[in-house]
Amino acid sequence: MKRIDLILSERELNRVCKAITKAGAKGYSVMRHVTGMSPSGEISEAMDFSGLGANAHVIVFVDDDLLGAVAAAVRPLLKRYGGVGFVSSAEPL
């Protein structure tokens, strides 16, 4: 099983979640208003009030054979709108 972690602008959250579902993932978790520091600078709650929006963290668990489809669906959106994605191995408890 694989875990996909995506950090992206909340403005693009609906597009990304629809792509994940269309690719065949059975579910995902979303954490909104994610703050922190990136190579591009600080992401803070104040950005939400500026109209630039805050970030969201999307976590998706998929079987290994579905990873390629989800990655192919999400990668163009991250490239176009910005964001990062990481894949790691996961084991159910």
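The values are calculated or read from the model by the stated rules, or taken from the named source; none is laboratory data. Since the structure is predicted, the reported quantities are computational estimates derived from the model, not experimental observations. Every residue, glycine as well, gets a Cβ built from its backbone with ideal geometry; the counts of neighbours run over all protein chains shown. The protein model used for the area step is the full one, side chains on, heavy atoms only, and it has no ligands, DNA or RNA in it. Shrake-Rupley method; radii C 1.70, N 1.55, O 1.52, S 1.80 Å.
Can you run down the residue pairs with Cβ atoms below 8 Å, 6 or more apart or on separate chains, where the first is in region 1-20 and open to solvent by less than 20 Å² (accessible area, probe 1.4 Å) and the partner is among the basic types (Lys, Arg) and modelled with pLDDT under 95?
Going by the 8 Å Cβ cut-off, the qualifying pairs are Leu13/Arg32.
If you take the residues in region 21-49 that are assigned to a helix (DSSP H, G or I), of a type outside the set (Asp, Glu) and at pLDDT below 90, which one is most open to solvent (accessible area, probe 1.4 Å)? Reasoning before the result, please.
Taking region 21-49 first, the residues assigned to a helix (DSSP H, G or I) are 21-22, 46-49.
Next, from what is left, pick out any that are of a type outside the set (Asp, Glu): 21-22, 46-47, 49.
Now narrow it down to the ones that are at pLDDT below 90: 46-47, 49.
Working: Ala46: 65, Met47: 45, Phe49: 180 Å².
The residue in question is Phe49.
Cβ-Cβ under 6 Å, sequence separation 6+ or interchain: first residue in region 50-74 and open to solvent by 50 Å² or more (accessible area, probe 1.4 Å) and of a type in the set (D, E, K, R), partner at pLDDT 95 or above and part of a helix (DSSP H, G or I). Which pairs?
Close Cβ pairs satisfying both conditions: none exist.
Within region 75-93, which residues are open to solvent by 100 Å² or more (accessible area, probe 1.4 Å) and either part of a helix (DSSP H, G or I) or touching an Asp or Glu at 6+ places or on another chain (Cβ under 9 Å) (or both)?
Answer for region 75-93, where residues must be open to solvent by 100 Å² or more (accessible area, probe 1.4 Å) and either part of a helix (DSSP H, G or I) or touching an Asp or Glu at 6+ places or on another chain (Cβ under 9 Å) (or both): Arg75, Lys79, Arg80, Phe86.
Would a scan of region 64-83 turn up a residue that is under 10 Å from the mean Cα position of the chain (by Cα), among the aliphatic types (A, V, I, L, M) and more than 14 Å from Ala19 (Cα to Cα)?
no
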